[in-house]
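Undergrad: Structure below; questions to follow.
Each reported figure results from applying straightforward, stated rules to the coordinates on display, with no laboratory input. Nothing here was measured: the structure is a model prediction, and the numbers come from that model. Every residue, glycine as well, gets a Cβ built from its backbone with ideal geometry; the counts of neighbours run over all protein chains shown.
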Ligand code: PMP
Ligand code: GLN
């Protein structure tokens, strides 16, 4: 038997639940992806470039035209002027970007603070780099940072803190005040930030995303990661980017050039064209997803699930304790899929140590109206 480098890791919950949904014919509200396609003009642009022979390696750092568009968007949304040659790197997906940032920084024995529940790729990347994850639970029920716990957890070995706002799976947002507070907590310490902002354009009710890119003090020590998959409804394209100050970008690129070297060429061309032609796409996104959230929440209101409409992302957490308090969330997600034909994601799997009595599952509402209506009707009848 090979001695596993990741003995505690199995197949991810996203694969397991999507497979179970396919096997049972359930509506798949588990793994986060839209059941509708990305914009026609974007897909046309990619086809055009594919047919025009743009099929060889892209530059390691990303196509200049795409980095230009990313820089323009950052200037427009966050008021930061980034140097596209030294601060932006296009990657094959945000997951790869996260892996590279962690490997660029973490040495054996380093500590990385991550807030639970969190996206499942952080901890394995840290473990493979020889680092040690310090898991800090977010508060309940509002999934906020416990500042005292953070203060107590900081040590001379802390090398990196991983942030994720808008937050998967809870949808909670970090505001500017929290970023200020974080800056204060780590001032004078030799540590870095990895800010996972893949849902940056999915914030609702008039809120504005507080990006680390807009925070002068934090940005100086940060890798900020985003994903075109979320923003343009094309999760299968696995194309994202990292923005970081030049010294950090240089280290990130040393890893990125040997993990994948570059991202997929025709996708980068298509995205660059579409971003140039439709810069307002990102401004329309909050309204687009808020309408889906509102419809889904309205339809679920008569159900026995309890919830607060999510503040961001395309995920809605629902509390099922009035329905099956006897089931833990993994069993509940399986029961809902098999018995009622709606697949969800249990959230305990995103914790090192889930809170006692957690009775929450995550539902993805990046779905067509008919899917949302069908799912809500089923869930309301339970
Ligand atoms: N971070 C979070 C919080 C996510 O939910 C996802 C979704 N897959 C990613 C990173 C990865 O994005 P990508 O598909 O571009 O790798
Ligand atoms: N980020 C997606 C989610 O949270 C899943 C990504 C994946 O399957 N790895 O559902």
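Undergrad: What order do you get for 77, 118 when you list them from fewest to most C-beta neighbours inside 10 Å?
TA: Placing the least packed residue first, the sequence is 77, 118.
Undergrad: Any idea what % of Cα-Cα pairs in segment 326-382 are farther than 15 Å?
TA: 52
Undergrad: Over all directions, the average projected area of the alpha-carbon convex hull for segment 256-315 comes to how many nm²?
TA: 6.8
Undergrad: Relative contact order of the chain: what whole-number percent is it, with Cα pairs under 8 angstrom and at least 6 residues apart? All intermediate terms of the calculation are to be shown ahead of the outcome.
TA: On the way: 726 pairs, mean separation 97.4, N = 382.
Relative contact order here is 25 percent.
Undergrad: Remind me, relative contact order of segment 64-217 in percent, using alpha carbon pairs under 8 angstrom and six or more residues apart?
TA: Relative contact order of segment 64-217: 21 percent.
Undergrad: Let me ask something else about it. Over the alpha-carbon set of segment 74-180, divide Rg by the Kirkwood Rh and report the Rg/Rh ratio to two decimals. Don't jump to the answer; show the numbers that get you there.
TA: Numbers: Rg = 15.0 Å, Rh = 15.3 Å.
My calculation of the ratio gives 0.98.
Undergrad: What is the distance in Å between the Cα centroid of segment 122-197 and that of segment 206-224?
TA: About 14 Å separates the Cα centre of segment 122-197 from the one of segment 206-224.
Undergrad: Right, another one. Each label point is 7 Å from the Cα along the Cα-to-Cβ direction; what then is the distance between the points at residue 217 and residue 278, in nm?
TA: Output for this residue pair reads 4.0 nm.
Undergrad: For segment 159-302, what is the convex hull volume of the alpha-carbon atoms per residue, in Å³?
TA: Cα-based convex hull of segment 159-302, divided per residue, equals 143 Å³.
Undergrad: Could you tell me the convex hull volume per residue, in Å³, taken over the Cα atoms of segment 217-364?
TA: On the way: hull volume 27.5 nm³, N = 148.
It is 186 Å³ per residue.
Undergrad: I've got another one for you. For segment 232-285, what class follows from the C-alpha gyration tensor (a ≥ b ≥ c being the square roots of its eigenvalues): rounded when a/c is under 1.5, otherwise prolate if a/b is larger than b/c, else oblate?
TA: prolate
Undergrad: Looking at the chain, what % of its DSSP beta bridges pair antiparallel, to the nearest 5?
TA: Around 45 percent antiparallel, to the nearest 5.
Undergrad: Need one number: nm distance between label points at residue 76 and residue 1, each 7 Å from Cα along Cα→Cβ, rounded to one decimal.
TA: 5.5
Undergrad: Per 0.36 nm of contour for each residue apart, how much would the distance between residue 294 and residue 374 grow if the chain were fully extended, relative to their Cα-Cα spacing?
TA: Length difference between fully extended and current span is 27.3 nm.
Undergrad: So what is the relative contact order for segment 309-352, in percent, with contacts set as C-alpha pairs under 8 Å and at least six apart?
TA: So the answer I get is 25 percent.
Undergrad: So for 367, 73, 230, fewest C-beta neighbours within 10 Å to most, what's the order?
TA: Ranked by crowding around the Cβ, least crowded first: 73, 367, 230.
Undergrad: Based only on other Cβ atoms within 10 Å, what is the fewest-to-most ordering of 158, 249?
TA: 158, 249
Undergrad: Could you give me the percent of Cα pairs per 5 Å distance bin for segment 1-147, shortest bin first, beginning at zero and ending with the bin that holds the maximum distance?
TA: In whole percents, the pair-distance histogram is 2, 7, 9, 12, 14, 17, 17, 12, 7, 2, 0.
Undergrad: Also: Starting from 0 in steps of 20 Å, tell me what percent of the Cα-Cα pairs of the chain lands in each bin.
TA: Percent of pairs per bin, in order: 28, 59, 12.
Undergrad: Follow-up question, since we're still on this one. What whole-number value in cubic angstrom gives the convex hull volume per residue for the C-alpha atoms of segment 181-263?
TA: Taking only Cα atoms, segment 181-263 has a hull volume of 105 Å³ per residue.
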